[in-house]
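Every number in this text was worked out from the coordinates using simple rules, so none of it is lab data. Note that the structure is predicted; figures quoted are calculated from it, not measured. We place every Cβ from the backbone using ideal geometry, glycine too, and count neighbours over all the protein chains shown.
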Amino acid sequence: MTKVFGPLVALDDVSIRVRPGTLHALLGENGAGKSTLVKCVMGFYQPTRGEVLVDGREVEIHNPRDAHGHGIGMVYQHFTLVPSLTAAENLVISRAHPPAVIDWRAEKRELEGFLERMPFRVPLDVPVSGLSAGEKQKLEILKQLYLDQRFLILDEPTSVLTPGEADEVLGLLRGMTQAGDLTILMITHKFREVAAFADEFTVLRRGRMAGSGTVGQVSVDEMSRMMIGETKIRERAPRRPMGEQPVRLEIAGIFAEDDQGLPAIEAINLKIHAGEILGIAGVSGNGQSALVEVLSGQREPTEGRLFIDGRPFVPNREQMDSYKVFGLQEEPLRNAAAPRMTVAENISFRVFDKPPVASLRWWLSPAPMRARARELIGAYRVKTPSTEEPIQNLSGGNVQRAILARELSGEVEVLIVANPCFGLDFASVAEIRAQIMEQRNRGAAVLLVSEDLDEILELADRIAVMSGGRIGYVVAAAEADRTAIGRAMAGH
């Protein structure tokens, strides 16, 4: 399979064979070509060269309907269900030609018979909005099986699930492949899931096939090397023992509402010590974003107070500067940057009104701004054609590095980071996690909000779990149990 977009070769002569009755993992960094490949298989794209063979025969796939006709279905990273409809209604309307007048009694009898043949089930009469994330993911998979798709492409299927839900869903699917009922191609970045559930794997790098093999015969380190090639990975400094340290940041009884005026977070009480990383784990949509917005001054709390070193703190520009509070927002190009402004200008947002960049607090001098940007670009290894390049033209990892350069270039007392490595390549992830650990070792209080539990377990000193807008479970990282954290993430 080869796919060319103008001057860009997104896929370069990639061949993959997925054996019947196996779970085949497709690995690769962001931009490696995984999504392009599966979109060609599903008919969203037409390949420049290459072919798809089903059961050894070449087939023509011009659109997703053609793919479905050959038994190929896809479960996307984000849910495609109608929240206001029940599970039964979602299944029936997913058919290519549902009846104009639906006999629901007959349809439900048929659906019950279908679920009896499946290894898992969901409640048919409950609106999708009332289902858990795990039940929604099961329904997405059941929808493909109901449509008689026997080759499933799963795109990061566990990104919205708790660890327990992820293991349950993948375990059930693995059972179906072993029984010969299903064949799966799974896009994932989680080596733990590959090792536990996959039979074989293929790695893409920069649009080309970098390697493949049988799971268990190839180590995780070898898979990693296939993914990143000769890229040098920064080693993280070891966790420095800090001993007893004072409370640096205190969140006291914080309540806040969402954009519709409904409760987003309720009674959040946390204390973070100097030289400590407190990791907040949770499934997306449980109030984490609202908490970060309160701490960064983007959302007004309805009740509660914030303190730094025992003194009241209001997250505005003046006090954040005074208390040395810095942060890395989720999706920084959208939340922490002005996309059309230059790299130099974005890096200077913290100091644009201070000497030597500013005179009399209003006269800006481009030369010192560019000189400082060049220094930080070198120190943080930001890949950019020049300081004058619009920051929106940089890759995701380099946008992250540029914002980190801005936020970590001075003395940091409090650091607030949200999903800092989402969607980034292997080398950028290692770089950013190393920077977070360095700030912790220097004595900063770090609040790390992440939907990646492995990231939390790797970096945090203490772990708090957020569910339904509340903190329901706090544990020292050394005593953390993945199963207990998963239960707390599910609200149990």
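For the range 162-221, what is the per residue volume of the convex hull drawn over the alpha-carbon atoms, in cubic angstrom?
Numbers: hull volume 5.9 nm³, N = 60.
Dividing the Cα hull volume of the range 162-221 by its residues yields 98 Å³.
One Cα centroid belongs to the range 29-97, the other to the range 427-492; the line between them spans 35 Å. Counting charges near GLY310 (Lys, Arg +1; Asp, Glu -1) among other residues having Cβ under 14 Å from its Cβ returns a value of +1.
Helix 426-441 axis versus longest C-alpha principal axis of the chain: approximately 40°, rounded to the nearest ten. Its Kirkwood hydrodynamic radius, worked out from the mean inverse distance over all distinct Cα pairs, puts the range 298-350 at 13.1 Å. Classify the range 1-150: rounded, prolate or oblate, from the alpha-carbon gyration tensor (a ≥ b ≥ c, eigenvalue square roots; a/c under 1.5 rounded; otherwise prolate if a/b is larger than b/c)? The shape class here is prolate. A Stokes-Einstein calculation at 25 °C with viscosity 0.890 mPa s, built on the Kirkwood radius of the range 256-364 over Cα pairs, returns a diffusion coefficient of 151 µm²/s. One decimal place: the segment THR483-ASP353 gains 41.9 nm when fully extended, by the rule 0.36 nm per residue minus the C-alpha distance. May I ask for the distance between the Cα centers of the range 1-22 and the range 156-194, given as a whole number of Å? Each part's Cα centre sits 23 Å from the other's.
Can you sort SER15, SER365 from fewest to most other Cβ atoms within 10 Å of each residue's own Cβ?
Fewest-to-most Cβ neighbours within 10 Å comes out as SER15, SER365.
Along its principal axes, the range 150-273 has C-alpha extents of 53, 39, 27 angstrom, given from the largest down.
Quick one: net charge around MET341, please, counting Lys, Arg +1 and Asp, Glu -1 for every other residue with C-beta under 11 Å from its C-beta.
Details: positive: ARG340; negative: GLU345, GLU388, GLU389.
Once all neighbours under 11 Å are counted, the net charge is -2.
Partner lysines whose Cα lies under 22 Å from the Cα of LYS271, excluding those fewer than 8 positions away in the same chain, are identified as LYS324. For the chain, the longest piece that avoids every one of the GluC sites (Glu not before Pro) found in DSSP loops with at most 15 other C-beta atoms within 10 Å covers 61-229. For the range 305-450, just say rounded, prolate or oblate: build the C-alpha gyration tensor, square-root its eigenvalues into a ≥ b ≥ c, call rounded for a/c under 1.5, and beyond that prolate if a/b exceeds b/c, oblate if not. In terms of gyration-tensor shape, oblate.
Between the Cα long axis of helix 133-146 and the first principal axis of the chain there is an angle of about 30°, rounded to the nearest 10. Between (i) 4, 20, 29, 25, 14, 6, 1, 0, 0; (ii) 4, 18, 23, 19, 15, 12, 7, 2, 0, 0; (iii) 4, 17, 25, 25, 18, 8, 2, 0, which entry matches P(r) over Cα pairs in 10 Å bins from 0, in percent as derived from the coordinates of this structure? Computed from these coordinates, P(r) over Cα pairs in 10 Å bins from 0, in percent corresponds to label (iii). Computed from Cα atoms, the angle from the helix 104-116 axis to the main principal axis of the chain rounds to 80 degrees. Across the range 3-228, the relative contact order, built from alpha-carbon pairs under 8 Å that are at least six residues apart, equals 34 percent.
By the count of other C-beta atoms within 10 Å, a proxy for reagent exposure, PHE197, PHE5, PHE422 are ordered fewest to most as PHE5, PHE422, PHE197. Applying 0.36 nm per residue to the separation of LEU8 and GLU375 and subtracting their alpha-carbon distance, the gain on full extension is 129.0 nm. The order of LEU11, LEU131, going from fewest to most other C-beta atoms within 10 Å of their C-beta, is LEU131, LEU11. Over all other residues within a Cβ to Cβ distance under 13 Å of ARG105, the charged ones net out to -3, with Lys and Arg as +1 and Asp and Glu as -1. For the range 200-304, trypsin sites (Lys or Arg not before Pro) meeting the loop criterion (DSSP other than H, G, I, E, B) and having at most 12 other Cβ atoms within 10 Å: LYS232.
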